[in-house]
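The structure appears below as structure tokens.
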Amino acid sequence: MGEESSKSKSSFTKDTIISEDLSEEAAFLADRLLSRVQLQGDKFPAGYESFSELTRGCLKVHSIHPGKVSCTLSVKSAISNIYGSMHGGAVGAVAETVSIACARTVVGKDKKLFLGELRMSYLSTAKSNAEVIVDGSIIKSGRSTTVVATDFRLKDSKKLVYTSNATFYHMPIASL
């Protein structure tokens, strides 16, 4: 990984596990996508262009393998709702980000990904200040589509709180 993974904006920590089966380019692309945005306290900082950009600041990559990405999510007040739990929009933004990173570990960089469907299931809540393990894995990847499942589990109890399935279309579409 060299210099790219040691920069201050990297989402990788010293404990991040990067599979030897994963190309350096795929790891770099996933890291670039998941790069942390530094939050200033727990307030929503000015200058952010999207909610997705803000939620990436709460993610730290734990491991990355072909077809699998695992992250730790810190539920900060900036991504919490008025009830003191993780905001549904933040759940969707994290699910999308982790799903794209997971798909990028198996889909070549010559293909663009188009998110065709993102299905969410809100089973319980993750309270503010909780740590959540977010695991993304490929269900199916073919010539023109990739399907990714993402699970959100509380770190301390392993309780499943959210799930998502994302379907990506590869662009340009493969000729049949």
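Return the total of residues in the stretch 27-39 being open to solvent by less than 20 Å² (accessible area, probe 1.4 Å) and at pLDDT below 80.
So the count comes out to 3.
Could you grab me the full set of residues in the stretch 104-161 that are touching a Leu at 6+ places or on another chain (Cβ under 8 Å) and open to solvent by 30 Å² or more (accessible area, probe 1.4 Å)?
The answer is R104, K109, L123, S124, E131, I133, D151, R153, L160.
If you check A103 against the conditions, is it small (G, A, S), touching a helix residue (DSSP H, G or I) at 6+ places or on another chain (Cβ under 8 Å) and either in contact (Cβ under 8 Å) with a residue 24 or more places away in the chain or assigned to a loop (DSSP other than H, G, I, E, B) (or both)?
Against the criterion (small (G, A, S), touching a helix residue (DSSP H, G or I) at 6+ places or on another chain (Cβ under 8 Å) and either in contact (Cβ under 8 Å) with a residue 24 or more places away in the chain or assigned to a loop (DSSP other than H, G, I, E, B) (or both)), A103 does not qualify.
Can you pull out every residue in the stretch 64-94 that is assigned to a strand (DSSP E or B) and open to solvent by less than 20 Å² (accessible area, probe 1.4 Å)?
If the condition is that a residue be assigned to a strand (DSSP E or B) and open to solvent by less than 20 Å² (accessible area, probe 1.4 Å), then I64, V69, S70, C71, L73, S85, M86 are the ones that fit.
Determine whether L113 is modelled with pLDDT under 95 and within 30 Å of F28 (Cβ to Cβ).
yes
Can you pull out every residue in the stretch 108-146 that is of a type in the set (A, V, I, L, M) and in contact with a helix residue (DSSP H, G or I) (Cβ under 9 Å, 6 or more places away or on another chain)?
Residues satisfying the conditions are L113, L115, L118, M120, A126, V132, V134, I138.
The values are calculated or read from the model by the stated rules, or taken from the named source; none is laboratory data. Since we're looking at a predicted model, the values are computed, not measured. With ideal geometry, Cβ positions are generated from the backbone for all residues, glycine too; neighbour counts draw on all protein chains shown. For the accessible areas, the whole protein counts, side chains as well, though only heavy atoms, and no ligand, DNA or RNA atoms are used. Shrake-Rupley method; radii C 1.70, N 1.55, O 1.52, S 1.80 Å.
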